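In what follows, a single structure is set out as structure tokens and then discussed.
Derivation of every value follows stated rules applied to the coordinates shown; laboratory data play no part. On a predicted model such as this, the values are computed, not experimentally measured, just so you know. Cβ sites come from the backbone with ideal geometry, for glycine too, and all protein chains shown count toward neighbours.
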């Protein structure tokens, strides 16, 4: 049985292609059943001595007959012809489309003995090809639909290969950054997006290294014209793309408008602890609003206790860095060696007690604001290191020779006359000019005494909630004579001293309000002024904190012609807070 299976004729008879063997003159020597069926001949019909062209194959023989080609001197080589149409004459056989292959048959000496012709049906292959064409057209249509869908999304979408080179850049990405897709394709995404995290904490790299998506990563990109774009990025891996193994995508939500609205809303709360309606304070508020959105270094000048850190905090809250850290350091509170470590950090073993690496305040404030309070008290050696950090935006931790990049906005403050300090050689001139880009002068309390009633009222509310919690109504405010005394006092400690004086008097009082007798000793030693010096002719008994607040709010409303928005800005509160105050105090426009 095994020998029968390997007989050549039996094998050839079971091949599904039409096979025919011809001699050099084109006469049929042998044909398999498939060829016989193709030309309409019986399985047992003797085809010997018939020529292939007698099989009724029509024009095919004229075009492709190897014997005729040999006679014409065209050589005898293997040939392949696709999509050959065969329609046997007389309605016999199996018409169709074939792939025709002819090969010369030679003896061991290389002499031509004949030809082997192979006919493989193409109809099924053509159907498959047409089906594939339809599938490809459908895939292309779906791809276009997907691209249209991506381009219609409010978010921007981009994809990158494993080398982080951009492969896709949606219409909204073009609009967001002002970079056309044709210019973005093939470039590293960091050179197109120019984000603050690209070099330090890239969300795409994190996704690739951890095999999981990053969701809602807040980032600041840079548009083509240098405009910062606040965004949220969600990343993921591209799957089922063997040509782009390791590819990733990013969905980018533009938060620029949200940030603008948030900044406007937070503009009021930025000043919530800075109380004052004097001309000096209104000028200060206006200057802060103008300077805050910039990256300029600010030097706050003012006496101790005037609230320099509050100004620095307001500048931070109103800036584009408001979501990053605000880090404060008092330069006068530490000796040189400790201050250097505090600012720049240190490495393990840098000094006795340095048991591990520690980040300094510059690095802790990365992306945000570093407030250097009492900068005028730093030594010459530390001033040199500060100058380098501010000028070159680099630091070296104590005990390390490795330079680290830092991205912080510097706000400095001092109660000293730095120009005088420079003239007397105690402060570096170059550092002074680096810090004094935008000087902001904070007025002393003695320069804005008209704000004292507002401040007193603010501190009474603050400490009433702390020291009289649950029985706030039992503390009614301050007498007119006590307030008049406060108006006369020169306040060397400024707002801080006033705050402590109010807290001291409230805790000391046993009468439910602040009287002269309960004020701190420096105020009690003063000669009691006439009540009118406090700017009010109302009876002492009736001047409590709520009435002061009523008068303050009503005066501000009248000054702004009852415009709620302008009045809220004037009082440094939000619209909602102002409405609540008016409702609580029963203030209505007459």
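Per-structure values
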| quantity | calculated |
| --- | --- |
| Rg(Cα)/(2.2 N^0.38 Å) for the range 402-524, N = residue count | 1.49 |
| Segments 494-501, 41-48 sorted - mean Cβ within 10 Å per residue, highest first | 494-501, 41-48 |
| P(r) tail fraction, the range 262-393 - alpha-carbon pairs more than 26 Å apart, % | 29 percent |
| Scaled radius of gyration (Cα, divided by 2.2 N^0.38 Å) that the range 445-492 gives | 1.27 |
| FRET efficiency estimate (nearest 0.05) - Cβ-Cβ, residue 185 to residue 134, R0 35 angstrom | 0.75 |
| Cα gyration tensor shape of the range 338-380, rounded if a/c is under 1.5, else prolate or oblate by comparing a/b with b/c | oblate |
| Per-peptide average of other Cβ atoms within 10 Å, ordering 308-314, 293-299, 232-238 highest first | 308-314, 232-238, 293-299 |
